[in-house]
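Asker: Have a look at the structure that comes next, please.
The values are calculated or read from the model by the stated rules, or taken from the named source; none is laboratory data. All figures in this text were calculated on a predicted structure; none of them were measured in a lab. Note: ideal-geometry Cβ built from the backbone for every residue, glycine included; neighbour counts use all protein chains shown. With ligands, DNA and RNA removed, areas are computed over all heavy atoms of the protein, side chains included. Shrake-Rupley method; radii C 1.70, N 1.55, O 1.52, S 1.80 Å.
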Amino acid sequence: MSVHQIRKHAVLPPIICRNDKEFLESMQRYIITETERLGCSEEGPADEYYIIYRNVFDKVIEHVTAYKSILTSIKKEYDAFIETIKKGRRTTFCLHGKLKGLAAEPTALVYHRKRTIQLEAKMRIIESNSSKIQSQIDQIKQCRAEYDTKEVKYCTFSKDPSKPIPGDQGIVEELMEDDPRRAKEAEIMLHYIERFNELISLGEYEKAACYAANSPRRILRNIGTMNTFKAAGKIRGKPLPLLLFFEALFITSHAFRCPVDAALTLEGIKCGLSEKRLDLVTNWVTQERLTFSEEAGDVICDYGEQDTYNKAKCLALAQIIYSECGLHKKAILCLCKQGQTHRVMEYIQQLKDFTTDDLLQLLMSCPQVELIQCLTKELNEKQLSLSFGLAILHLFSVDMKTVGIKLLQEISKGGIDAVESLMINDSFCSIEKWQEVANICSQNGFDKLSNDIMSILRSQAAVTEISEEDDAVNLMEHVFW
């Protein structure tokens with residue numbers, strides 16, 4: 001049989017011995033078991049996947065002794081190649097990190113520059129404060145030098161420097177006693193200022209606030225100290241330094257005979273409201289010794305317009321301030337806006353210079369039906385009242401028709417007897433004005449009220465027709481004559 005003929009036949013697969021077959025099966029089971037135990041997919045993780053097959057390769061090399069040298073060489077080459085890949089990955093990772101660092105450098109530079117600007121601004125503030133304190137120190141030193149000069153000048157009159165002039169002994173002793181005391185006081189003040197400046201520079205604002213509030217002779221209870229705390233600004237996670245200063249200042253106000261001045265009081269109220277601490281402002285206004293001003297009341301009123309939930313409380317605080325300042329018109333308006341009509345009437349009774357024009361102005365600012373009814377009721381001789389007829393005419397003349405109609409509705413409910421009583425007791429409205437009121441009633445659908453007014457006018461004047469020439473005639477004129 002030729003070689004060509006032999007190649008035409010199929011070649012049989014190699015016969016694997018039993019030992020090799022068992023070895024291959026054990027290796028296959030090892031690969032499957034380890035892969036499942038480590039949770040590896042077909043793609044990786046690469047390192048763990050590589051370790052499994054490297055162990056299998058080592059076992060194969062040990063099993064196939066005939067090819068051990070050549071397989072070992074192949075394995076070394078693969079290991080070297082894999083190690084090169086790993087090294088390249090580590091190098092890439094390091095380079096990526098450096099690249100991120102280089103990309104972040106511009107941002108870091110911006111932040112560093114911003115911080116530099118902030119620190120320079122703070123240094124300027126500290127230098128300014130230091131110069132002010134140095135100026136105060138120089139003034140104290142100058143005062144002390146003047147006292148020393150006076151004492152030396154006085155002692156030179158004596159022939160014997162060791163003895164004073166006869167009869168002047170008590171004055172010298174007094175000077176000798178006063179000068180050490182003043183020097184000690186100046187030393188204490190100097191120490192206080194230095195300690196305060198140190199606390200500010202350390203950021204101990206709460207301690208600095210207490211220190212300033214309790215300063216001797218109130219040398220740190222002023223606008224300059226307030227500006228020092230204001231310059232500190234806001235600090236994240238901590239109370240506002242300026243608010244700490246005002247809290248300490250107002251709490252200790254009882255310990256001083258002179259209350260906190262108007263300027264500091266106003267700034268303190270502004271600070272408390274800006275931090276939404278109405279509770280603190282309430283305590284300061286009602287409990288502490290402060291100096292109120294119209295501006296302080298206006299600030300609280302404006303805050304109440306923005307914070308409608310606390311509007312009533314703000315009006316009450318503003319009313320206290322206005323009353324203390326003698327601003328009675330604004331105080332009454334606060335009471336009106338709170339709906340405290342009876343307190344308004346009591347307040348007006350206590351005032352001597354409250355005029356009819358003031359009543360009309362109050363009506364314009366707070367057009368409430370209940371208030372108008374109280375102001376137009378029959379009052380005693382000592383109490384100022386408002387003309388109902390003039391009030392109606394005024395409301396319709398200033399585009400406050402809605403309030404005027406509500407007032408007419410209330411009056412019409414009482415019938416003709418109530419209207420007659422109201423007109424008889426109104427000594428300020430002339431007959432012509434009542435005719436105008438009647439016309440307004442007729443134009444706005446109150447025909448019955450209009451007829452009642454005209455009927456009462458005719459019966460009181462005892463005429464059948466009221467002429468236009470009687471515009472100056474008062475409804476009650478016939479009673480007095």
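Asker: Out of the range 212-239, which residues are of a type in the set (Lys, Arg) and either touching a His at 6+ places or on another chain (Cβ under 7 Å) or in a loop (DSSP other than H, G, I, E, B) (or both)?
Answerer: Result: 221, 234, 236, 238.
Asker: Something else now. State whether the residues of the range 246-266 include one that is in a helix (DSSP H, G or I), open to solvent by less than 40 Å² (accessible area, probe 1.4 Å) and closer than 21 Å to residue 118 by Cβ.
Answerer: no
Asker: Hey, another quick one. Kindly list, by first and then second residue, each pair from a residue in the range 117-137 that is assigned to a helix (DSSP H, G or I) to a residue that is small (Gly, Ala, Ser), limited to pairs with Cβ atoms under 6 Å and residues at least 6 apart or on different chains.
Answerer: Filtered contacts from the range 117-137: 125/231.
Asker: With the requirement that a residue be closer than 17 Å to residue 286 by Cα, small (Gly, Ala, Ser) and touching a residue at least 12 places away in the same chain (Cβ under 8 Å), what does the range 310-346 give you?
Answerer: Correct list: 312, 316, 318, 331.
Asker: Among the residues of the range 227-245, count how many are over 17 Å from the mean Cα position of the chain (by Cα) and of a type outside the set (Ser, Thr, Tyr).
Answerer: 1
Asker: Now for a different question. So residue 305 passes all but one of these: (1) out of contact with any Gly (no Cβ under 8 Å at 6 or more places or on another chain); (2) more than 27 Å from residue 201 (Cβ to Cβ); (3) surrounded by 20 or more Cβ atoms within 10 Å (Cβ to Cβ). Which condition number does it fail?
Answerer: Unmet for residue 305, out of (1) out of contact with any Gly (no Cβ under 8 Å at 6 or more places or on another chain); (2) more than 27 Å from residue 201 (Cβ to Cβ); (3) surrounded by 20 or more Cβ atoms within 10 Å (Cβ to Cβ): (3).
Asker: Okay, moving on. Considering each of 347, 303, 322 in turn, give the residue that is in a helix (DSSP H, G or I) and out of contact with any Cys (no Cβ under 9 Å at 6 or more places or on another chain).
Answerer: Answer to the check: 347.
Asker: Same structure again: Output the residues belonging to the range 411-446 that are farther than 23 Å from residue 356 by Cβ, part of a loop (DSSP other than H, G, I, E, B) and in contact with a helix residue (DSSP H, G or I) (Cβ under 8 Å, 6 or more places away or on another chain).
Answerer: If the condition is that a residue be farther than 23 Å from residue 356 by Cβ, part of a loop (DSSP other than H, G, I, E, B) and in contact with a helix residue (DSSP H, G or I) (Cβ under 8 Å, 6 or more places away or on another chain), then 444, 446 are the ones that fit.
Asker: Can you pull out the residues in the range 425-434 that are at pLDDT below 75 and open to solvent by less than 70 Å² (accessible area, probe 1.4 Å)?
Answerer: 426, 427, 429
Asker: List pairs: first residue in the range 196-212 and closer than 9 Å to residue 241 by Cα, second residue modelled with pLDDT of 90 or more and of a type in the set (Gly, Ala, Ser) anywhere in the structure, Cβ distance under 7 angstrom, at least six positions apart or on different chains.
Answerer: 209/248
Asker: Next question, about the same structure. Looking only at the range 447-481, which residues are outside any helix (DSSP H, G or I) and either at pLDDT 80 or above or not hydrophobic (A, V, I, L, M, F, W, C) (or both)?
Answerer: Within the range 447-481, 464, 465, 467, 471, 474 qualify.
Asker: Any idea which of 175, 95, 102 is assigned to a helix (DSSP H, G or I), in contact with a helix residue (DSSP H, G or I) (Cβ under 7 Å, 6 or more places away or on another chain) and modelled with pLDDT under 80?
Answerer: After applying the criteria, what remains is 175.
Asker: Now, a different point. Taking residue 186 as the residue in question, decide whether it is at pLDDT 65 or above and in contact with a Cys (Cβ under 8 Å, 6 or more places away or on another chain).
Answerer: In short, yes.
Asker: Please verify whether the range 329-340 includes one or more residues that are part of a helix (DSSP H, G or I) and of a type in the set (S, T, N, Q).
Answerer: No, every residue in the range 329-340 fails to be part of a helix (DSSP H, G or I) and of a type in the set (S, T, N, Q).
Asker: Next question, about the same structure. Name the residue, out of 393, 379, 360, that is at pLDDT below 75, within 51 Å of the chain's Cα centre (by Cα), surrounded by 14 or more Cβ atoms within 10 Å (Cβ to Cβ) and in a helix (DSSP H, G or I).
Answerer: 360
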